[in-house]
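I have placed the structure first, in the form of structure tokens, so that the comments after it can refer back to it.
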């Protein structure tokens, strides 16, 4: 069963055709299914997150999904700042990268779509006052946004 309805896939195809300016690579970190159930080692929502990303990337030729094993590709995970799974990184024209941890469902899905468009464009729609304030920041900043399903 699809996680993204056919109607929503059609909407996404139209949005991406119009607004997705450049390619975006999504690097997804997960773990393979295990015949043993070890609660502390299981990746809750890894299967669903992969399915969601596969359905999403099927909506545009400009979206490219790379799947990596969190344990087997530990060095790549470390280089991309991935410390837990499921997680994925968006890379495109933007200077930085956007990292997501967990499944982007509910309201977080629309955030993912906006981030894909921003990363592809290499810019955001921040107003000029905010852009000027950001230019005054002289050191690296680590921003984390936490959400919980309700």
**OP:** Could you tell me how many degrees, from 0 to 90 and to the nearest 10, lie between the Cα long axis of helix 6-19 and the main elongation axis, the longest principal axis, of the Cα atoms of the chain?
**Re:** 40
Subject >> Percent antiparallel among DSSP beta bridges (both partners in segment 13-124, rounded to 5) >> reply: 55
Original post:
How far, in degrees from 0 to 90, does helix 107-121 lean away from the longest principal axis of the Cα atoms of the chain, to the nearest 10?
Top reply: 60
Subject >> Highest to lowest packing among 86-92, 109-115, scored as the average C-beta count within 10 Å >> reply: 86-92, 109-115
**OP:** Please give the helix 46-57 orientation as an angle from the longest Cα principal axis of the chain, in degrees from 0 to 90, rounded to the nearest 10.
**Re:** 50
Original post:
Taking the mean number of other Cβ atoms within 10 Å as a proxy for protection, how do you rank 71-81, 51-61, 127-137, 12-22 from highest to lowest?
Top reply: 51-61, 12-22, 71-81, 127-137
Original post:
Using the 10 angstrom Cβ neighbour count as an exposure proxy, how do 142, 64 rank, fewest first?
Top reply: 142, 64
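Bear in mind these aren't lab numbers, they're just calculated from the coordinates by the rules spelled out. None of these values were measured; they are calculated from a predicted model. As a convention, Cβ positions derive from the backbone with ideal geometry for all residues, glycine included, and neighbour counts pool all protein chains shown.
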